[in-house]
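> Right, I'll just put the structure down here and ask away after.
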Amino acid sequence: MESLFDAWGKKNPEWEKKYAELLMEPFTDYGRGTSQYTVSRGKIFGAGYEMFIIGFFIGLYFDKTKKLPDDKSKRKDFGHPIMFWGSQEGKLKLGRTSYKKIQEYMFAALIAKTNIDFISLEKGEVSVNDAANSLKKKMEEYANYGFHYLEDMLENDPNSLFKDSAFLKIFTSFIHENNNDEDEIEKFDEDIEPFEDNDSENEEVDEETLRAEAEKPWKEDDIDRLTMYFEHGMDLPSIADRLGKSLYAVQYQLSLLGKIKMPLNVTVKNTDKGGMVINKSGQVIYTDEAPLKVFNDKIYRFNMKSMCMTVKDVKRVDGEWVKGGKMLVAYSDSELYPKLLNSNFIDVIEDFVEGDKREENKIKVKGVWYDYYGDVLGSKRS
């Protein structure tokens, strides 16, 4: 039976046609063949597949893939199987060196990153050709992400890849990005500082306008670029500048992706009539008959009734501030309820923590933690 490596080596990977003019023609001798005149023509690479290899390793480093278009007319191939990339025994061409090791490294990486059922392959339930096609597809998608990365670099600085050692610097930046001698990547707390610093006493920030703008849907391509920039360690103000977005919008989108925690940027105030949420411009953007309190960058309402005390969160939904679902309920026969029977009960509530499930939420009052039902945490309900 043919080995998986050999079957993969016979494949001819595809790539998006749009990169022919953007990457292949300026930087390679794609379509002309390799010769001793490559350097004199100002080309960085010889064959087009050398640029493909660069794109592949960029995608592999970020562990990001990008699908090729379904439309076959938008794809191209090199007409040159992987096994013949670089010089081969008996097929030496001027200017090429052996790519055997590179092929082995790429194959090993693809084996690690591609979901192949090797038991089924061994049993013959999955063909070697199908498994090789899976490796080829993953390879193409890694390279396509790498091309997208390079395209973005050129979009932001058309000369970025024409500088001396530009491609070398891309890969050395990967190697040294965690080196203490290099510029340190700003941490999130530092990233949000410029936003807060801009809110000086002389500069009012319209919180509602910022939020409304931030909550507008993003294009998938912009989200991909945002993720790429953030994971590459770019600071948030620079990301906002490159994407043409506000810093607030970048923060908000990253929070939706689970990359950072969005700063609340509002305050709450309670009166004898209930609570209110106030933005940084001093505008009251939400009112409630129950008092409010902020814990862990989230607003909660604590409503005392004749039969129970309930806790709900306050959040934005479709651009409006609303009260959410029930987070905790302490009935009159609970251990917690009597502790809150005073006009200033909100002052003795010291903390509120959400668990993985609603029933795991807990509240701290006068130094004691109570569970979702208002009983002392750890005690059993009778």
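> Among VAL353, SER343, VAL322, pick out the residue whose Cα is farthest towards the positive end of the charge dipole of the stretch 299-353, where Lys and Arg carry +1 and Asp and Glu carry -1 on C-beta, about the Cα centre.
VAL322
> Here's another thing I want to ask about it. Quickly work out the GLU213-to-THR267 label distance, labels modelled 7 Å from Cα along the C-beta direction, and quote it in nm with one decimal.
2.4 nm
> Going by a ≥ b ≥ c, the root eigenvalues of the Cα gyration tensor, does the stretch 208-353 fall in the rounded group (a/c under 1.5), the prolate group (a/b larger than b/c) or the oblate group?
On the way: a/c = 3.02, a/b = 2.35, b/c = 1.28.
Cα axes put the stretch 208-353 in the prolate bin.
> Still on this model: Report the calculated FRET efficiency for GLU155 and LYS259 (r = Cβ-Cβ distance, R0 = 25 Å), to the nearest 0.05.
The computed FRET efficiency comes out at 0.65.
> I need the phi-derived Karplus couplings for the stretch 108-123: 6.51 cos²θ - 1.76 cosθ + 1.60, θ = phi - 60°, integer Hz, Gly and Pro marked x.
So the Karplus estimates, Gly and Pro as x, are 4, 5, 5, 4, 5, 9, 9, 7, 10, 7, 6, 5, 5, 5, 5, 7 Hz.
> Continuing with this model, one more query. Using only alpha carbons, build the gyration tensor for the stretch 212-289 and give me the equivalent ellipsoid semi-axes, biggest first, whole Å.
On the way: eigenvalues 202, 26, 24 Å².
In descending order the semi-axes read 32, 11, 11 Å.
> With every protein chain left in place and a probe of 1.4 Å, what is the accessible surface of HIS232, to the nearest 10 Å²?
Around 60 Å² of this residue is reachable by solvent.
> Name the trypsin sites (Lys or Arg not before Pro) in the stretch 284-382 that are in a loop by DSSP and that have at most 12 other C-beta atoms within 10 Å, would you?
LYS305, LYS357, LYS366, LYS380, ARG381
The values are calculated or read from the model by the stated rules, or taken from the named source; none is laboratory data. The structure presented is a predicted model; accordingly, all values stated were derived computationally and were not measured. FYI the Cβ positions are ideal-geometry reconstructions off the backbone, even for glycines, and counts take in every protein chain you see. For the accessible areas, the whole protein counts, side chains as well, though only heavy atoms, and no ligand, DNA or RNA atoms are used. Shrake-Rupley method; radii C 1.70, N 1.55, O 1.52, S 1.80 Å.
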